[in-house]
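K.L.:
The structure follows.
The values are calculated or read from the model by the stated rules, or taken from the named source; none is laboratory data. What you see is a predicted model; the values in this text were computed from it and never measured. Here Cβ is always computed from backbone atoms with ideal geometry, including for glycine, and neighbour counts include all displayed protein chains. Note: areas computed on protein heavy atoms with side chains; ligands, DNA, RNA excluded. Shrake-Rupley method; radii C 1.70, N 1.55, O 1.52, S 1.80 Å.
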Amino acid sequence: MIIRLLWLNEEPKSKYYMWFKKKINPYKIKENNTKELISIGVKVSMGLPILDKANFRRSKDVAERMMVSLALFQLHLGAPIKTIEDWIEKNNLIGKLTNKETKYLHTNYEDLPEQDQIDLYWYIEAVWAFAWAGNLHENLTLNTGVEDSLASMLPNIQDGELALVFIQKYRLRQDITIFEMLDKFYRAHWYARSIKLKGKQSDFVDLDIIMERRKTLEFICYSEFEWNEISLDT
């Protein structure tokens, strides 16, 4: 009993206690990711804290957000708004849209502000990250784009394929695996942002890719935040 009390002495009611029992040790994850990133040429700020304890979303909720992202990305590709709106309605996803995303379905793409058009383009990175989280591929990197194989993993909206079967089959990886990846992207994000501020570049990281993929992982790990509420602070 004395040993146990000493071990818990710093924070007797630690919010991480049950995590340690489940083998999700945020301190160890930070240490491992720091070593890995440094080994591939990515500098890491030792002052970055551990991530907050996660409250993971259900596979169904994640799959629905993935399908919304996929549908909205089609607007960037030139798909008719009516086609995308009808597909979203048929798949009971209207309630999953943010207010801003709802406006996308009531505004011609050419009339959207430039930043909104850019945001729609980057939805494909969210889809790629969701696909990784659902065990559909193994290549969620810090610096390379989406692979052509993605299309074969998803419902074909143009052909009217519904999302129901995909959503039912979608299963997230283990919590610890997703949390480890989020921690890695969080630490790499600091480096990618810092070199950009200095006007430098690196072959090891791409800031835009990291930001979009990290946002997706944050969405999965922290169910208390909606899609448009996610902060990407470092």
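K.L.:
Over all directions, how big on average is the projection of the convex hull of the alpha-carbon atoms in region 38-110, in square nanometres?
P.N.:
Details: hull surface 33.7 nm².
Result: a mean projected hull area of 8.4 nm².
K.L.:
Just the number please: accessible area per residue for region 106-234, 1.4 Å probe, all protein chains included, in Å².
P.N.:
Values: 6720 Å² over 129 residues.
Dividing the accessible area of region 106-234 by its residue count gives 52 Å².
K.L.:
Using r as the Cβ-Cβ distance of Lys169 and Glu31, and R0 as 30 Å, what FRET efficiency do you calculate, to the nearest 0.05? Mind showing how you got there, number by number?
P.N.:
On the way: r = 35 Å, r/R0 = 1.18.
It comes out at approximately 0.25.
K.L.:
Just flag the trypsin sites (Lys or Arg not before Pro) in region 157-232 sitting in loop per DSSP whose Cβ has no more than 10 other Cβ atoms within 10 Å. Walk me through the numbers before you get to the answer.
P.N.:
Numbers: sites: Lys169, Arg171, Arg173, Lys184, Arg187, Arg193, Lys196, Lys198, Lys200, Arg213, Arg214, Lys215; in loops: Arg171, Arg173, Lys198, Lys200.
The qualifying sites are Lys198, Lys200.
K.L.:
Out of these labelled values of volume of the Cα convex hull per residue in Å³, (1) 114; (2) 213; (3) 142, which was calculated from the coordinates shown here?
P.N.:
So the structure-derived entry is (3).
K.L.:
In Å, what Kirkwood hydrodynamic radius results for region 120-234 from the alpha-carbon pair distances?
P.N.:
When all Cα pairs of region 120-234 are included, the Kirkwood radius is 15.1 Å.
K.L.:
Could you work out the relative contact order of the chain, using alpha carbon pairs under 8 angstrom and six or more residues apart, expressed as a whole percent? All intermediate terms of the calculation are to be shown ahead of the outcome.
P.N.:
Values: 236 pairs, mean separation 67.5, N = 234.
Reported as a whole number, the value is 29 percent.
K.L.:
Further, regarding this structure: Quick one: compute a quarter of the convex hull surface over the Cα atoms of region 134-197 and quote it in nm².
P.N.:
Details: hull surface 23.9 nm².
Quarter of the Cα hull surface area: 6.0 nm².
K.L.:
Based on DSSP H runs of at least 4 residues, each adding -39500 (n - 2.57), what is the mean residue ellipticity at 222 nm of the chain after dividing by all its residues, to the nearest 500 deg cm²/dmol? Can you show the working numbers first?
P.N.:
Details: 10 runs with 123 residues, N = 234.
Here the helix-only value at 222 nm equals -16500 deg cm²/dmol.
K.L.:
Of the heavy-atom accessible surface of region 94-182 (probe 1.4 angstrom), what whole percent is carbon and sulfur? Don't skip to the answer; put the middle values down first.
P.N.:
Values: 2320 of 4870 Å².
With neighbouring chains kept in place, the figure for region 94-182 is 48 percent.
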